[in-house]
Amino acid sequence: MSNEQSKNKEQIKQAQPDTGVKFTVMPQEFRAISSKVKIPKWFIFAGAGVGVLIIAVVIGVVVFSGGKEGKIIVEAPEEPVEAIPETPQEVVTTTPGGLSTPIEEPVKVPATPEEPVGALVQGTDSDADGLTDKEEALFQTDTTRPDTDSDGFLDGNEVFNLYNPAAVAPVGLLESGIVRLYRNATEGYNIFYPSLWSTSSTSDTSMVSFLSDDTESINIKVVEAPEAITLRSWYISEYPEKDINKLQSYTNKQGYRGLQDADRLNTYIKEAGKVFIINYSLGGTNKIWYRRLYDMMLNSLKIE
Ligand SMILES: [Ca+2]
Ligand SMILES: [Ca+2]
């Protein structure tokens, strides 16, 4: 676990007291070993023959019970007991109380976005929850609370998994109205986009843009490609100047598999005779404000 993730977990832990989620130190009781040893000893003095001396030794019982909450009393253990941390165990991966539908695989989501690639710079994420301050505005979360709804899951994790990070109940982003569904009937796909963003497209809708209120945008372009060739072959012929070895495999939450450029600004998914190119444009800047939003949109993509 990275220091950054540890920091996140620690911040979540500190946000707990006013919530329904319990981070409880399991009461520990160490009941000392009760020993009751009865040791009769017979000593016969053969010469005297006067009798038998019976000595019974009973060793008392010592009982130690657990002390105050969070404290552990260990009395003379036979072997050293490894230090038991007084801090709660990580609970980020557990199902939060009250959630009937666990969020899928939250731990696979990096708590913080990747390191900037090349000259790219990550936008400010004040509470280190995976959402930049600009993304927090879009998702109506608190820039100072990494787990805005106090359900045990970081805001960034919830967005990645298409859940509303500002709602205690397991409410999806779409049903909460934070995102809208864009359906492209011509090209045969649908995808979430922020309700606060606008859209534009070419007349044939082969190119659609989702526009922020600054320079950045997320764009989907659909191109024809022979069904018989693989996505990788298509990529090589389409981008001969790019290094194929830097491509990364990609799979979204809906199970669509594709490829992603090393800087994660372009994702390619091929279905039948079409390639879907999902591009994250920085609009001429080098600052990345919507990385997690891009991940969310990719995860919501369904191809009809
Ligand atoms: Ca944040
Ligand atoms: Ca949460």
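Considering G130, G177, G123, which residue is more than 16 Å from ligand 2 (Cβ to nearest atom), surrounded by 14 or more Cβ atoms within 10 Å (Cβ to Cβ) and modelled with pLDDT of 95 or more?
Working: G130 fails: more than 16 Å from ligand 2 (Cβ to nearest atom); G177 fails: surrounded by 14 or more Cβ atoms within 10 Å (Cβ to Cβ).
Just one listed residue meets the conditions, G123.
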Legend entry - Only listed residue being under 28 Å from the mean Cα position of the chain (by Cα) and free of Cβ contacts under 8 Å to residues at least 60 places away in the same chain, chosen from A167, A225: A167
Legend entry - Enumeration of residues in the stretch 147-165 that are within 15 Å of L293 (Cβ to Cβ) and either surrounded by fewer than 24 Cβ atoms within 10 Å (Cβ to Cβ) or away from ligand 1 (no atom under 11 Å from the Cβ) (or both): N157, E158, F160, N161, L162, Y163, N164
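Every residue, every condition in (1) over 25 Å from the mean Cα position of the chain (by Cα); (2) β-branched (V, I, T); (3) surrounded by fewer than 22 Cβ atoms within 10 Å (Cβ to Cβ), yes or no:
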residue	(1), (2), (3)
L247	no, no, yes
K253	no, no, yes
L265	no, no, yes
I269	no, yes, no
A272	yes, no, yes
N279	no, no, yes
G284	yes, no, yes
Y290	no, no, no
M297	no, no, no
Inset, instruction - Collect the residues in the stretch 137-146 that are within 22 Å of S212 (Cβ to Cβ), within 12 Å of ligand 2 (Cβ to nearest atom) and surrounded by fewer than 23 Cβ atoms within 10 Å (Cβ to Cβ), keeping them in residue-number order. - result: D142
Inset, instruction - Please identify the pairs in which a residue from the stretch 123-136 that is polar (S, T, N, Q) has its Cβ atom under 8 Å from the Cβ atom of a residue that is within 16 Å of ligand 2 (Cβ to nearest atom) and part of a loop (DSSP other than H, G, I, E, B), counting only partners at least 6 apart or on another chain. - result: S126/T143; S126/T144; T132/D125
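The values are calculated or read from the model by the stated rules, or taken from the named source; none is laboratory data. Just so it is clear, the model here is predicted, and its values are computed rather than measured. Cβ coordinates were reconstructed from backbone atoms using ideal geometry, including for glycine residues, and neighbour counts include every protein chain displayed.
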